[in-house]
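The values are calculated or read from the model by the stated rules, or taken from the named source; none is laboratory data. Every value quoted in this text rests on a predicted model; they were computed, and no experiment measured them. Note: ideal-geometry Cβ built from the backbone for every residue, glycine included; neighbour counts use all protein chains shown. Please note that ligands, DNA and RNA were not included when accessible areas were found on the heavy atoms of the full protein model with its side chains. Shrake-Rupley method; radii C 1.70, N 1.55, O 1.52, S 1.80 Å.
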Amino acid sequence: MSHHYSGPALGFPHGDARLDLTDLYAFGKPGDDRKSILIMNVHPSFSLQPRGPTRSDPFAHEAIYELKIDTDGDSIADIAYRVRFSLFEGGVQTATLRCVRGAAAAGVGDAGDVLIEAAPVSLGRTPRVTEVGEHRLFAGWRSDPFFFDVLGVLDGFKFTQQDFFADKDVCSIVLEIPNVSLAPGRVGIWARTLDGAGGRWVQADRGARPAQTPFLTGEAIAAYNAAEPADDRQFVSVFAHSLEHAGGYAAADAERVAATLLPDILPFDHTRPASYPENGRALTDDVQDYFLSILTKGKVTTDGVGPHGDLLADFPYLGPPHAAAR
């Protein structure tokens with residue numbers, strides 16, 4: 001189910017919904033070929049196990065929310081956009097955006113050149129956007145753009161065409177960046193959350209391609225969330241085992257298909273239209289139909305639900321949150 005509930009037993013990484021990465025999107029800015037849009041969604045508003053709402057404070061102040069960009073194809077970050085948040089006090093929270101380039105981009109920490117600071121976090125329906133120079137930042141609650149019949153797939157692919165996420169919210173970090181800051185041609189993008197609550201930075205969650213963690217079980221989920229894309233070869237056999245079990249793949253075919261899903265990096269070329277899985281990911285791409293087809297070896301090709309109708313034409317592109325309190 002995309003990357004929602006990527007902790008153990010359909011829970012949250014480190015037991016904290018605010019650290020749960022749900023989706024990553026990358027597409028060219030509509031009507032402006034000089035800019036690109038990167039969206040990192042975290043903190044689903046509703047828990048699956050146990051079922052019920054999560055917490056109301058948007059982002060963890062003891063965390064780093066990071067977008068990593070590989071410009072030379074070695075699966076190691078050369079650019080990192082890092083967002084940190086203030087304490088959520090009196091219904092107010094602010095964000096600071098930093099950028100680091102070179103070898104330090106692959107490291108752990110909150111260093112980097114400050115691009116935007118004290119940006120207000122949005123809690124209501126009207127988005128609060130901060131623009132400094134060539135960058136724009138939105139952070140706050142939004143309608144979850146992901147669409148999928150989660151309960152149907154958990155019930156043995158007995159789909160009801162009911163979109164589990166139609167009334168759900170997420171916390172979004174939406175970043176508009178100039179294309180000149182990227183490498184010419186294709187780059188690789190992924191997102192991660194770092195947890196610093198224990199006194200040192202620990203990677204809690206990471207991902208790029210939607211619906212990767214459903215291939216993992218048990219201790220492999222925690223290992224995967226803590227790993228780097230450059231080391232993803234170690235998970236090919238785990239993915240292959242799931243393909244054999246769920247789709248009836250022969251062993252050799254399962255290994256071959258699993259290898260196409262790793263490393264977990266989203267390819268993106270800003271000179272071409274976004275279309276998953278070849279190039280980035282648009283908000284309306286039906287990524288779960290693609291996932292179902294792979295997982296079941298073509299036996300199941302759709303869950304019968306489609307994109308949401310509340311997307312905005314302009315920045316930050318995601319619809320307003322559903323929760324009345326927000």
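Once amide H atoms are built 1.01 Å from N in the peptide plane, which residues 5 or more positions from Gln203, or in another chain, come under 5 Å H to H?
Amide H to amide H, under 5 Å and 5 or more residues apart or across chains, Gln203 pairs with Asp195.
Note the per residue figure in Å³ for the convex hull of the C-alpha positions in the stretch 229-269.
67
Along the three principal axes, how long is the stretch 138-237 when you take its alpha carbons, biggest first, rounded to the nearest angstrom?
Each principal axis gives a Cα extent; for the stretch 138-237 these are 44, 36, 34 Å.
Scattering from the C-alpha atoms of the stretch 162-220 alone, worked out with Debye: what is log10 I(q)/I(0) at q = 0.14, 0.20, 0.28 1/Å?
Taking Cα atoms of the stretch 162-220 as identical point scatterers yields -0.74, -1.16, -1.20.
Using only the C-alpha atoms of the stretch 192-326, find the volume of their convex hull and express it per residue in Å³.
176
Nearest 500 deg cm²/dmol is fine: what mean residue ellipticity at 222 nm does the chain get from its DSSP H runs of n ≥ 4 alone, each adding -39,500 (n - 2.57), divided by its residue count?
When only DSSP H runs of four or more count, the value is -4000 deg cm²/dmol.
In a shell of Cβ-Cβ distance under 13 Å around Lys35, excluding Lys35 itself, what net charge do Lys and Arg (+1) and Asp and Glu (-1) give?
Charge balance in the 13 Å sphere: -3.
What trypsin sites (Lys or Arg not before Pro) in the stretch 7-63 are in a loop by DSSP, with at most 10 other Cβ atoms within 10 Å of the Cβ?
The qualifying sites are Arg51.
Starting from the Cα of Phe157, step 7 Å toward the Cβ, then list every residue of the stretch 263-283 with an amide N under 13 Å from that point.
It comes to no residues whatsoever.
Please provide three numbers in whole Å: the alpha-carbon extents of the chain along the principal axes, with the largest listed first.
Rounded to whole Å, the extents work out to 53, 44, 44 Å.
Fully extended, how many nm does the chain gain between Ala104 and Asp74 (0.36 nm per residue separation, minus their Cα-Cα distance)?
9.3 nm
Return the carbon/sulfur percentage of the accessible area of the chain, one whole number, probe 1.4 Å, all protein chains in place.
That share works out to 52 percent.
Would you work out the charge dipole size for the stretch 122-276 about its Cα centre, treating the Cβ of every Lys and Arg as +1 and the Cβ of every Asp and Glu as -1, and quote it to the nearest 20 debye?
It works out to roughly 360 debye.
With 5 Å bins from zero, work out the P(r) of the stretch 35-156 over every alpha carbon pair and list the percent per bin.
That works out to 2, 10, 16, 20, 17, 13, 11, 7, 3, 0, 0, in percent per bin.
Which one, Ala230, Ala103, Ala166, has the greatest fluctuation when you compute a Gaussian network model over the chain with C-alpha springs under 10 angstrom?
Ala103
Rounded to the nearest 20 Debye, what is the dipole magnitude of the chain about its Cα centre when Lys and Arg each give +1 and Asp and Glu each give -1 at the C-beta?
300
Check each of the trypsin sites (Lys or Arg not before Pro) in the stretch 150-229 and keep only those in coil by DSSP with at most 11 other C-beta atoms within 10 angstrom; list them in order.
Here the sparse-neighbourhood loop sites are Lys158, Arg200.
Taking the Cα centre of the stretch 197-326 as the origin, how large is its charge dipole in debye, to the nearest 20, when only Lys and Arg (+1) and Asp and Glu (-1) carry charge on their Cβ atoms?
Charge dipole, the stretch 197-326, about its Cα centre: 120 debye, nearest 20.
Percent relative contact order of the stretch 1-111, based on C-alpha pairs within less than 8 angstrom and at least six residues apart?
Taking the mean separation of contacting Cα pairs over the length of the stretch 1-111, I get 17 percent.
So if each residue of separation counts as 0.36 nm, and I subtract the Cα-Cα distance between Asp33 and Ser237, what length gain in nm does that give?
Gain on stretching Asp33 to Ser237: 69.4 nm.
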